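K.L.:
Below you'll find the structure I mean.
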Amino acid sequence: MSLPDHPLDFTGRRVLVVGGSSGIGNGIARAFLERGASVAVWGTRASAADYAVESGSDLAGLDYASVDVADDAAVARAAAAFESLDVLVMSQGVVLYKRGEYAMPGFRQVLDVNLTSVMACCMAFHPMLKASGGSAIVVSSTAAFHATRGNPAYGASKAGAVGLVRTLADAWAADGIRVNGIAPGFVATKMTRVTTSDPKRLEAALARIPAGRLGTPQDMAGAALFLASPLAAYVVGHTIPVDGGLLLG
């Protein structure tokens, strides 16, 4: 297969980043925008203005909508507003600390957002991705590959997301849809602030990363751009760890 002159040029492409209002998702959304795509993002707050003072959030130039992805009907309604889609990135996520995931309401909440909503989004946009020969990218976590003692739902949901990537990739390759995933390592976002704000915990975390630094949303964005591009035309069903070598230990 011959590649286009600029395989990372997404001009004319329509991209949706679920969870693109902040953190990793926002970094991915901005990377696609900078490369010519028309980018929509879904978040949890009522309007884009509600993220104005949020660190790690820049919604300028992005088409924002508030969508409760744990509500299947809300996902279907929001998807109906799209006429087409080329790239679907699912970066939604929640984690509960202080053993909140050991209570069943908390466990279900995390599974609903981190795993079940991924399937809901994939199903809602399947016809559009089939029509465009598009790509779906699931942002999971390296937590899928090791124990998460204090967060059983988070670990289970991310492991489930890796399995879902494999299964949907197998099922939808014949439709011309490539499904892949990214497993971020330790990235400084509001979800990891419990560690990054504690010098001792941060030092311990850095000691486990061969690259010697935390990841950034831009690091994750590079992998997403690759997976959505013609450069990854023969990559199907894989979740790529982007972790600075964290899983090597």
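K.L.:
Please check the chain for the longest run free of trypsin sites (Lys or Arg not before Pro) that are loop-located per DSSP (anything but H, G, I, E, B) and have at most 10 other Cβ atoms within 10 Å.
P.N.:
Answer from the scan: 150-249.
K.L.:
Moving to a separate point now. What 222 nm value per residue comes from the helices of the chain, counting each DSSP H run with n ≥ 4 as -39,500 (n - 2.57) and dividing by all residues, nearest 500 deg cm²/dmol?
P.N.:
After summing the helix terms and dividing by residue count, I get -11000 deg cm²/dmol.
K.L.:
For a quick size check, give me the Cα extents of region 74-159 along its three principal axes, largest first, whole Å.
P.N.:
If we take the Cα atoms of region 74-159, the spans are 43, 26, 13 Å.
K.L.:
Right, something else. Could you pull out the longest piece of the chain with no exposed loop chymotrypsin sites (Phe, Trp or Tyr not before Pro) in it, calling a site exposed if DSSP puts it outside H, G, I, E, B and it has at most 12 other Cβ atoms within 10 Å?
P.N.:
Counting at most 12 other Cβ atoms within 10 Å as exposed, the longest clean stretch of the chain is 98-233.
K.L.:
I've got another one for you. Which Cα, out of Val162, Gly212, Met90, lies furthest along the positive dipole direction of region 14-242 (beta carbon charges, K/R +1, D/E -1)?
P.N.:
Sorting the options by dipole projection puts first Gly212.
K.L.:
Quick one: grab the alpha carbon gyration tensor of region 92-223, order the square roots of its eigenvalues as a ≥ b ≥ c, and give me rounded if a/c is under 1.5, else prolate or oblate depending on whether a/b is larger than b/c.
P.N.:
oblate
K.L.:
Can you give the charge dipole size of the chain about its Cα centre, rounded to the nearest 20 debye, using +1 on the beta carbon of Lys and Arg and -1 on the beta carbon of Asp and Glu?
P.N.:
700
Values quoted throughout were computed directly from the atomic coordinates according to the rules given, and no laboratory measurement underlies them. None of these values were measured; they are calculated from a predicted model. In this analysis, Cβ positions are derived from the backbone assuming ideal geometry, glycine residues included, and neighbour counts consider all displayed protein chains.
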